[in-house]
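S.K.: The structure follows.
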Amino acid sequence: MSSPQNLLTIIDSGSAKTCVLVGETVEGTLRYRGHGTVESRGTRKGAIVDLEKASAAIHKAVEDAERVAGATIDHAAVTVGGPLMRGLTSRGGVNLGNRPREITRDDVRQASDRARSVVFPADREMMHILPQEYIVDEQSSIRDPLGMVGTKLEVGVHIVTAAKASTQNIVTATNRAGVEVDDTIFEALAAAECTLRSDERELGVCLMDMGAGSSDLIVFFEGAVAHTGVVPIGGDHFTNDVAVGLRTPLLDAEKIKRTFGNAVVTNVPESNEIEVPSVGDKPSRLMPQRLLSEILEPRARELFEMVRDNLRQGGVLDALGAGMVITGGASRLPGLTYIAESVMRRPARLAHPSAIAKLPPALSAPEYATIVGALVYAHRSRMARAVPMQNSFRAKIKSLFQSA
């Protein structure tokens with residue numbers, strides 16, 4: 001098997017599953033080539049806790065993807081998320097002189113360098129530096145300052161940071177699986193690539209990527225990233241609540257949640273009953289299905305109350321003109337969007353990843369939004385680097401941040 005230059009590979013090591021997705025570019029168009037998915041081992045709450053087990057899971061998923069794609073995988077980008085992610089906004093600027101003059105590329109680079117000159121604790125590192133807007137002589141919301149005239153240029157950026165140890169563990173586990181890591185991508189940023197619409201990004205929207213161990217947040221306003229955050233509640237917390245509340249094993253609790261769960265108690269008829277396996281050798285019991293929802297609804301409300309508080313603290317709660325978009329493996333719980341609308345007082349919708357050419361229908365489910373979006377993100381980054389800078393504004397801007 002060969003590894004042609006037009007292949008792109010993404011590795012997503014989540015708490016529930018480890019997935020490898022291979023795409024290829026044909027005449028500039030991205031299309032599916034192959035994938036492999038296995039149950040995750042050695043990971044918990046989005047972080048690796050056992051390198052050997054995590055590496056073995058990645059290796060198995062890579063082998064499966066290689067077999068489907070008919071190509072060797074030796075390089076990949078990996079997704080990173082979880083409670084140890086942080087985001088902040090920074091601004092930097094340069095004086096152009098006492099008299100107005102034309103803004104050059106060097107001016108933009110200097111302003112960008114100052115905006116990203118933020119001192120972080122020794123245990124943190126920058127993952128993404130995302131341009132928000134340019135300000136020329138207090139005129140804001142400028143997207144392309146090159147060629148404009150002014151006396152002062154400022155740039156606002158949003159910086160996504162990660163814990164060095166957590167990121168390095170993912171890289172190490174991937175390397176041990178025989179794959180070299182080319183890039184790391186924040187999971188919510190990736191999911192946004194294949195779920196959000198352009199009008200939502202302009203009006204203001206919060207994407208919530210619900211994983212097993214946590215929920216990653218990213219807010220767009222006027223087309224740019226305005227906020228990122230993480231809420232430490234995911235699908236596993238709902239499952240644990242069911243296991244404790246119904247006194248049933250975790251595996252059975254997960255099946256019951258997926259089959260009969262609903263986040264809104266009043267959506268479940270009072271007469272409905274479900275069979276609940278007992279712990280140990282005790283026989284199964286019949287229990288009201290509403291009892292299951294009485295366990296799930298409080299957790300769902302707690303989740304969105306924490307999301308609301310996170311966005312309020314970030315100063316972006318009132319910027320959600322388009323509301324919320326929910327995706328990820330844990331987002332498929334019926335009634336979840338209703339609870340989101342009730343708590344957030346904003347419209348909400350469940351998002352499936354937009355299909356790329358030849359993508360199997362199974363990968364169009366919400367739980368694959370992160371890895372499909374990461375593939376789209378990697379493809380767009382590659383295409384931007386390939387376009388001559390003088391002919392593409394987006395390439396110009398992105399090139400300023402490639403070294404970060």
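S.K.: Looking at the stretch 303-312, can you tell me whether even one residue there is over 19 Å from Pro334 (Cα atoms) and of a type in the set (Asp, Glu)?
M.R.: Taking the stretch 303-312 first, the residues over 19 Å from Pro334 (Cα atoms) are 306, 308-312.
With of a type in the set (Asp, Glu) added as a condition, the list becomes 309.
Within the stretch 303-312 (the criterion being over 19 Å from Pro334 (Cα atoms) and of a type in the set (Asp, Glu)), the answer is yes, since at least one residue qualifies.
S.K.: Let me ask something else. Which pairs turn up if I take residues in the stretch 354-367 that are closer than 15 Å to Val20 by Cα and look for partners that are in a helix (DSSP H, G or I) with beta carbon separation below 6 Å, at least 6 apart in sequence or on another chain?
M.R.: Close Cβ pairs (under 6 Å, with a partner that is in a helix (DSSP H, G or I)) amount to Glu367/Gly329.
S.K.: With (1) under 18 Å from the mean Cα position of the chain (by Cα); (2) at pLDDT 95 or above; (3) within 22 Å of Ser198 (Cα to Cα) as the list, and Ala355 as the residue in question, which single condition is left unmet?
M.R.: Checking Ala355 against (1) under 18 Å from the mean Cα position of the chain (by Cα); (2) at pLDDT 95 or above; (3) within 22 Å of Ser198 (Cα to Cα), the one that fails is (2).
S.K.: Of all helices (runs of 4 or more DSSP H) completely enclosed by the stretch 146-220, which ones contain at least 2 residues that are more than 16 Å from the chain's Cα centre (by Cα) and farther than 28 Å from Ile48 by Cβ?
M.R.: 198-203
So that you can scan it fast, the table gives a plain yes or no per residue for (1) part of a strand (DSSP E or B); (2) without any contact (Cβ under 8 Å) to a residue 60 or more places away in the chain; (3) hydroxyl-bearing (Ser, Thr, Tyr):
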site	(1), (2), (3)
Tyr32	yes, no, yes
Val38	yes, yes, no
Lys53	no, yes, no
Ala65	no, yes, no
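S.K.: Continuing with the same structure: Could you tell me how many of the residues in the stretch 275-318 are among the small types (Gly, Ala, Ser) and either closer than 21 Å to Met210 by Cβ or under 34 Å from the mean Cα position of the chain (by Cα) (or both)?
M.R.: 4
S.K.: Just to be sure I understand, how many residues within the stretch 75-85 are out of contact with any helix residue (DSSP H, G or I) (no Cβ under 8 Å at 6 or more places or on another chain), modelled with pLDDT of 90 or more and over 24 Å from Pro360 (Cβ atoms)?
M.R.: Selection size over the stretch 75-85: 1.
S.K.: Can you tell me which residue in the stretch 45-69 is surrounded by the fewest Cβ atoms within 10 Å (Cβ to Cβ), limited to those that are of a type in the set (A, V, I, L, M, F, W, C) and closer than 15 Å to Arg33 by Cβ?
M.R.: Val68
S.K.: Step by step: first the residues of the stretch 274-318, then only those that are in contact with a strand residue (DSSP E or B) (Cβ under 8 Å, 6 or more places away or on another chain) and exposed (fewer than 15 other Cβ atoms within 10 Å of the Cβ), then the one that is farthest from Glu254 (Cα to Cα). Which residue is that? Walk me through it before giving the result.
M.R.: Applying the first criterion (in contact with a strand residue (DSSP E or B) (Cβ under 8 Å, 6 or more places away or on another chain)) to the stretch 274-318 yields 274-276, 278, 284-289, 292, 303, 306-307, 310-311, 314-316.
Add one more test, that the residue is exposed (fewer than 15 other Cβ atoms within 10 Å of the Cβ), and what stays is 275, 278, 284-286, 315.
Values: Glu275: 14, Ser278: 14, Ser284: 16, Arg285: 17, Leu286: 17, Gly315: 36 Å.
Among them, the one singled out is Gly315.
S.K.: Can you list the strands (runs of 3 or more DSSP E) lying wholly within the stretch 86-144 that have 2 or more residues being in contact with a Gly (Cβ under 6 Å, 6 or more places away or on another chain), at pLDDT 90 or above and among the small types (Gly, Ala, Ser)?
M.R.: Once the strands (runs of 3 or more DSSP E) in the stretch 86-144 are filtered for at least 2 residues that are in contact with a Gly (Cβ under 6 Å, 6 or more places away or on another chain), at pLDDT 90 or above and among the small types (Gly, Ala, Ser), nothing remains.
S.K.: Something else about it: Return the residue satisfying two criteria in turn: it lies in the stretch 220-232 and is hydrophobic (A, V, I, L, M, F, W, C) and more than 10 Å from Ala192 (Cβ to Cβ), and of such residues it is surrounded by the fewest Cβ atoms within 10 Å (Cβ to Cβ).
M.R.: Applying the filter and picking the extreme gives Ala224.
S.K.: Collect the residues in the stretch 6-30 that are over 21 Å from the mean Cα position of the chain (by Cα), charged (D, E, K, R) and assigned to a strand (DSSP E or B), keeping them in residue-number order. Step through it out loud before you land on a result.
M.R.: Residues of the stretch 6-30 that are over 21 Å from the mean Cα position of the chain (by Cα), as a first pass: 6-7, 24-29.
Checking the rest, the ones that are also charged (D, E, K, R) come to 24, 27.
Answer for the stretch 6-30, where residues must be over 21 Å from the mean Cα position of the chain (by Cα), charged (D, E, K, R) and assigned to a strand (DSSP E or B): just Glu24.
S.K.: So is Ser271 touching a strand residue (DSSP E or B) at 6+ places or on another chain (Cβ under 9 Å) and of a type in the set (Gly, Ala, Ser) or not?
M.R.: Yes, satisfied.
S.K.: Which of (1) touching a strand residue (DSSP E or B) at 6+ places or on another chain (Cβ under 8 Å); (2) surrounded by fewer than 20 Cβ atoms within 10 Å (Cβ to Cβ) does Glu27 not meet, given it meets every other one?
M.R.: Going through the list (1) touching a strand residue (DSSP E or B) at 6+ places or on another chain (Cβ under 8 Å); (2) surrounded by fewer than 20 Cβ atoms within 10 Å (Cβ to Cβ), Glu27 breaks only (1).
S.K.: Given the options Thr72, Thr79, name the one that is surrounded by fewer than 24 Cβ atoms within 10 Å (Cβ to Cβ) and among the hydroxyl-bearing types (Ser, Thr, Tyr).
M.R.: Working: Thr79 fails: surrounded by fewer than 24 Cβ atoms within 10 Å (Cβ to Cβ).
Every option except Thr72 fails the conditions.
S.K.: Given the condition surrounded by fewer than 22 Cβ atoms within 10 Å (Cβ to Cβ), of a type in the set (Val, Ile, Thr) and in contact (Cβ under 8 Å) with a residue 24 or more places away in the chain, answer yes or no: does some residue in the stretch 193-209 qualify?
M.R.: no
S.K.: Kindly indicate the residue of the stretch 319-352 that is more than 17 Å from the chain's Cα centre (by Cα) and of a type in the set (Ser, Thr, Tyr) and also surrounded by the fewest Cβ atoms within 10 Å (Cβ to Cβ) among those meeting that condition.
M.R.: Ser342
The values are calculated or read from the model by the stated rules, or taken from the named source; none is laboratory data. Values in this document were obtained by computation on a predicted structure and should not be read as measured data. Using ideal geometry, Cβ is built from the backbone for each residue, glycine included, and neighbour counts are taken over all protein chains shown.
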